[in-house]
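Participant: One structure follows; several queries about it will come next.
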């Protein structure tokens, strides 16, 4: 405890509290996934098991791994309020930052580089955003850092793996990380790769067997429910438009090439320096490609020059980016690499410091702290964003969802573009708009789904204009407007049976 209560740690904790307070946003994030996590946590907390309680019949859930919903369900024993759950994510981010510093110092042998790398993580707007919403990136980051911390303790000790508490904690934490994020398999690969190269044969075999054994129940459950949904989406041209079919060999090659190019000139520059704007719908801003190439060179060189744990970082970062290249290219953005940002920043700093040293410049590594100044605008931008009110389109959507919960019968089934967000505000069973472009086939499908009501929004999701509106226009006698909100036009509609 005395080692923790140092002046440096006290100042660091104060900085974390100030930054998190400035960027905190009490409202729910507008992405559907965080609503999905909340719903699954609520289902576990209320004793319904791992089910989609917002869907008709409460079918078993299988899309998201159960780790983060389980964490949320435990947190809900304190309070169900979003504010508390968001604060808890901030606390997990704080714990992760405190774990980073000694781990990074152990990896680099430099307290200065470790502190700067942790400072970059604290001021990174992507990580700050995730620390205040209900998403799995921050819990995964914390669990992965715990796993790596105990790995360093195990490998520096002399106990056999089966006799080492640290080794078994690595196993349990690796399994937990995988059950929080499926892409966490990259962490498992990195640890296994490290143990193998260190010639810890018994530890490698025991680690692999233990991980497989402890992960098997979730895998078998998924198989019994029709297979892993991530793998099913992975092989599709577009997981949001199943009618476009499956990828062929040419499609796979194109996906890998497109993802590699996008990460080079968009995600890597923006991931480390969020103030560099991204432009997914147009050509990348001028200079982004050069910045991406320079950063990638520093990252690779930093891994090569990492004083310790080089093979671990090669395995973890390499396996992670291999997964990213295979991911459907419609899943773009920095979100997927967020838990890697602290590690990528660390190796880039090591690479930068080595390059500076080759020019025989006699400066202290603390001068790397000037890099932190480039991140300061991120906090101001997030503070301004947290004070921004909902757009009229979302305000209308939530108002009609709340009205649906108050006025529609308990057995109503509502068709909507964002079932998770709707359920949190409306507490009525709901289903996503089906991908049927033919109006007649669309109506036949929603008849099969048992739809009784529809919420037509203007939040910008393509499913409304692509599938729903054409059906309403062609068969207006099947739809009765119950409530209409203006600016923009948003409708709660009763779906009428065929005459």
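Participant: I'm trying to understand the selection: among the residues of the range 437-462, which are touching a residue at least 60 places away in the same chain (Cβ under 8 Å) and either touching a helix residue (DSSP H, G or I) at 6+ places or on another chain (Cβ under 9 Å) or buried (at least 17 other Cβ atoms within 10 Å of the Cβ) (or both)?
Facilitator: Residues satisfying the conditions are 437, 457, 458, 459, 460.
Participant: Suppose the filter is surrounded by fewer than 15 Cβ atoms within 10 Å (Cβ to Cβ), in the same structural domain as residue 178 (by TED's automatic domain parsing) and over 28 Å from residue 410 (Cα atoms); does residue 96 pass it?
Facilitator: In short, no.
Participant: Being modelled with pLDDT of 95 or more and in the same structural domain as residue 301 (by TED's automatic domain parsing) narrows it down to one of 343, 359, so name that one.
Facilitator: 343
Participant: Any idea which of (1) crowded, with 19+ Cβ neighbours inside 10 Å; (2) assigned by TED's automatic domain parsing to the domain that holds residue 214 is the one residue 69 doesn't satisfy?
Facilitator: Of the numbered conditions (1) crowded, with 19+ Cβ neighbours inside 10 Å; (2) assigned by TED's automatic domain parsing to the domain that holds residue 214, the odd one out for residue 69 is (2).
Participant: State yes or no: is residue 149 surrounded by fewer than 21 Cβ atoms within 10 Å (Cβ to Cβ), at pLDDT 90 or above, more than 18 Å from residue 344 (Cβ to Cβ) and over 18 Å from the mean Cα position of the chain (by Cα)?
Facilitator: Considered against the rule, which asks whether it is surrounded by fewer than 21 Cβ atoms within 10 Å (Cβ to Cβ), at pLDDT 90 or above, more than 18 Å from residue 344 (Cβ to Cβ) and over 18 Å from the mean Cα position of the chain (by Cα), residue 149 comes out as yes.
Participant: Another question, if that's okay. When you look at residue 162, is it within 25 Å of residue 40 (Cβ to Cβ), at pLDDT below 95 and part of a helix (DSSP H, G or I), yes or no?
Facilitator: Criteria not met by residue 162.
Participant: Separate question: Criterion first (farther than 26 Å from residue 419 by Cβ, at pLDDT below 70 and surrounded by fewer than 19 Cβ atoms within 10 Å (Cβ to Cβ)) does residue 354 satisfy it?
Facilitator: Against the criterion (farther than 26 Å from residue 419 by Cβ, at pLDDT below 70 and surrounded by fewer than 19 Cβ atoms within 10 Å (Cβ to Cβ)), residue 354 does not qualify.
Participant: From the set of residues in the range 184-218 that are in a helix (DSSP H, G or I) and free of Cβ contacts under 8 Å to residues at least 12 places away in the same chain, which is surrounded by the most Cβ atoms within 10 Å (Cβ to Cβ)?
Facilitator: So, considering only residues that are in a helix (DSSP H, G or I) and free of Cβ contacts under 8 Å to residues at least 12 places away in the same chain, the one surrounded by the most Cβ atoms within 10 Å (Cβ to Cβ) is 196.
Participant: Among the residues that make up the range 161-183, is at least one of them free of Cβ contacts under 8 Å to residues at least 24 places away in the same chain, under 23 Å from residue 347 (Cβ atoms) and crowded, with 23+ Cβ neighbours inside 10 Å?
Facilitator: Checking the range 161-183: not a single residue is free of Cβ contacts under 8 Å to residues at least 24 places away in the same chain, under 23 Å from residue 347 (Cβ atoms) and crowded, with 23+ Cβ neighbours inside 10 Å.
Participant: Kindly indicate whether residue 289 is touching a helix residue (DSSP H, G or I) at 6+ places or on another chain (Cβ under 6 Å) and at pLDDT below 90.
Facilitator: For residue 289, the condition - touching a helix residue (DSSP H, G or I) at 6+ places or on another chain (Cβ under 6 Å) and at pLDDT below 90 - is met.
Participant: Identify, from the list 472, 454, 424, 483, the residue that is under 23 Å from residue 36 (Cβ atoms) and either part of a strand (DSSP E or B) or more than 29 Å from the chain's Cα centre (by Cα) (or both).
Facilitator: Testing whether each residue is under 23 Å from residue 36 (Cβ atoms) and either part of a strand (DSSP E or B) or more than 29 Å from the chain's Cα centre (by Cα) (or both) leaves just 454.
Participant: Return the only residue of 10, 31 being at pLDDT below 95, closer than 27 Å to residue 124 by Cβ, out of contact with any strand residue (DSSP E or B) (no Cβ under 7 Å at 6 or more places or on another chain) and surrounded by fewer than 13 Cβ atoms within 10 Å (Cβ to Cβ).
Facilitator: The conditions single out 10.
Participant: Kindly indicate whether any position in the range 379-401 is modelled with pLDDT of 90 or more, part of a strand (DSSP E or B), in contact with a strand residue (DSSP E or B) (Cβ under 9 Å, 6 or more places away or on another chain) and crowded, with 19+ Cβ neighbours inside 10 Å.
Facilitator: No, every residue in the range 379-401 fails to be modelled with pLDDT of 90 or more, part of a strand (DSSP E or B), in contact with a strand residue (DSSP E or B) (Cβ under 9 Å, 6 or more places away or on another chain) and crowded, with 19+ Cβ neighbours inside 10 Å.
The values are calculated or read from the model by the stated rules, or taken from the named source; none is laboratory data. As the structure is a computational prediction, the values presented were derived from the model and not from experiment. Note that we place each Cβ from the backbone using ideal geometry, even for glycine, and neighbour counts take in every protein chain shown.
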